[in-house]
1. Put a label point 7 Å from Cα along the Cβ direction on A:GLY104, then list its distances to the equivalent points in the other copies in nm, shortest first.
2. Taking springs between alpha-carbon atoms closer than 10 angstrom, which of B:LYS19, B:LYS101, B:LYS147 fluctuates most in the Gaussian network model of chain B?
3. Give the percent of DSSP beta bridges with both residues in chain B that are antiparallel, rounded to the nearest 5.
4. Most mobile of A:ASN216, A:ASN31, A:ASN77 per a Gaussian network model of chain A (Cα springs, under 10 Å)?
5. Counting Lys and Arg as +1 and Asp and Glu as -1, each charge on the Cβ, what is the dipole of chain A about the Cα centre in debye, to the nearest 20?
6. What do you get when you divide the Cα radius of gyration of region B:106-247 by 2.2 N^0.38 Å, with N the number of residues?
7. In debye, nearest 20, what is the charge dipole magnitude of the protein assembly as shown about its Cα centre with +1 on Lys and Arg Cβ and -1 on Asp and Glu Cβ, if you could check?
8. Quick one: if you take sqrt(5λ) for each eigenvalue of the C-alpha gyration tensor of chain A, what semi-axes come out, biggest first, whole angstrom?
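Where a number appears in this text, it was derived from the coordinates with a stated rule and is not lab data. Fair warning: this is a prediction, and the values are worked out from it, not measured in the lab. Cβ placement follows ideal geometry from the backbone for every residue including glycine, while neighbour counts extend to all protein chains displayed.
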There are 2 protein chains.
Amino acid sequence: MNKRWSKEVRGLLQKKKRKESNRFIVEGRKNIEELLRSNLTIECLFYTEKLNDVIDRYADKKIEILQETTPESLKQNGHLQTNDSGLAVVQIPKFSLPTKKELGNVSLALDNVKDPGNLGTILRIADWYNIKNIFLSKECTDVFAPKVIASTMGAFSRINIHIVDLVDQLSNYKEEGIKLLGADMIGTNIHNYKDDSKSIVVMGSESHGISEDVENILNEKITIPRFGDAESLNVAIATAIICDNLVRN
Amino acid sequence: MNKRWSKEVRGLLQKKKRKESNRFIVEGRKNIEELLRSNLTIECLFYTEKLNDVIDRYADKKIEILQETTPESLKQNGHLQTNDSGLAVVQIPKFSLPTKKELGNVSLALDNVKDPGNLGTILRIADWYNIKNIFLSKECTDVFAPKVIASTMGAFSRINIHIVDLVDQLSNYKEEGIKLLGADMIGTNIHNYKDDSKSIVVMGSESHGISEDVENILNEKITIPRFGDAESLNVAIATAIICDNLVRN
């Protein structure tokens, strides 16, 4: 990796630079494979010989700069502690807001989710349950941070991510007849919840739950029944259980 | 914290020392509160003024050494990046193996789970679903490591943890008529699973799933139906979804 690219890539570890240049980095074998399979625009891809088989499989793919490099160079410039496969610089995609018709039966909205690992894991869960659209409040941790992307295990390449003013956007959908559900400690037991309306499930922040402004526009609160003594569940865990209950219906 | 205790506490950050002295550390307000509420034997508790209300509430509790200290001292000696509440040294409890009668309807067994965050989160999930017994293979990450304890959010104080030879112990339970279930990519759809037998659910390692020896003694494999494209779910996420499905029945 030459000096110019090294500087570029290291810059993209910072949110400010990602925003300015509208690009992010993707690291590691699994994520690079999923990236190559997607329609995202790859500006450059640095890879080690260990990734040769993947590079060969996607030989037709248009990539401006495709360069072999060493694991040391990937480690020095990226965010992973070890990386013996590859690192790509990718354009941040812009998704148009889905119409009511385009929305699936279940979508997710995250209100102020701060932990990168939680955010990445939630994208992975959405991908498992075929949830195509996720709405993120502007206060959520940056979804294009390397740590988030790494923990999505490729899901970043398949989910339409919308960073929005949550109250405005959800209000619009509500007016169109989309049901707004909010995960809370008290609400309708999800084991008994049955409703065929298209819905968006709001998950609140790790420390404060759903913010008041968003809470005020919800149609209904839903809750995961508790059988034991734990006070709460982690937000990614709660998202998974709720998705499993809503998507199966 | 005097020099002797400082050395003791720092030592307990290492697995070797925890094993030798049969003690572990508990840090942070929530975990200390749950610790005080439990029957675990607390050897010493160092606390800041911010924990005064909790200390007052448990004034009757027998604790050999109870000392006020500073957040700086807690940070220097413990594992948390910041800790303005407290740190305790606690005896590692020894739980006797439950008989068939003592086992709840659902128990968990973890085969080679390596990530401390995953292990702690799984204890928290078990606590939510009132699962009282968890069996850990000897290859699992040390459950008394500070990072695991921290992520249990107090659940460590309510769950009976058994570190065992998984094949031997599960075989014994199987002979007594306990059903051994294993989470796998192919198996009975947990959405349709109905069975009133007492069961132990085995969750495999993050990278290799259930080991062959354990797989060979399972009664049945169960699986979480996939609706989208993600290749897998994180082991803590999968545990939560399975518990939600089995415990509700």
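1. 3.1
2. Between B:LYS19, B:LYS101, B:LYS147, it is B:LYS101 that shows the largest mean-square fluctuation.
3. Values: 11 of 37 bridges.
Percentage antiparallel, nearest 5: 30.
4. Looking only at A:ASN216, A:ASN31, A:ASN77, the biggest GNM fluctuation is shown by A:ASN216.
5. Numbers: 34 positive and 35 negative charges, 149 e Å.
Its charge dipole is roughly 720 debye.
6. Working: Rg = 14.0 Å, N = 142, 2.2 N^0.38 = 14.5 Å.
Taking the Cα Rg and dividing by 2.2 N^0.38 Å, one obtains 0.96.
7. Working: 68 positive and 70 negative charges, 170 e Å.
Computed about the Cα centre, the dipole is about 820 debye.
8. Working: eigenvalues 260, 62, 56 Å².
In descending order the semi-axes read 36, 18, 17 Å.
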